[in-house]
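**Student:** Handing you a structure now.
Read the figures in this text as sums done on the coordinates, not as results from a lab. From a predicted model like this one, the values you see are computed outputs, not experimental measurements. Every residue, glycine as well, gets a Cβ built from its backbone with ideal geometry; the counts of neighbours run over all protein chains shown.
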Amino acid sequence: MGDDQSAPDEARTVMDLLAEHVPLTLLADLAAAEPRSGEILRAEGLPDDEWWQDSESPEPKTSHTA
């Protein structure tokens, strides 16, 4: 870990990432925090509003082509 003077810079970096819409669970995983995002998902479940789905278009494809 850094010294006390690096803490404000680290906090600013985290806040900047959050401002750019980086998921908090990803930041927690990268920081090796517990519980892991998979555990959080199992405990909290998916949101009622599937905001990542576009109701006007078909479901997103999950397979990738090379």
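**Student:** Label-point separation (nm) for Ile40 and Glu10, each offset 7 Å from Cα along Cα-to-Cβ?
**Tutor:** About 1.8 nm, to one decimal.
**Student:** Using the Karplus curve 6.51 cos²θ - 1.76 cosθ + 1.60 with θ = phi - 60°, what ³J(HN,Hα) values do you get for each residue of region 40-51, in whole Hz, with x for Gly and Pro?
**Tutor:** 4, 4, 4, 6, 9, x, 7, x, 5, 8, 7, 4
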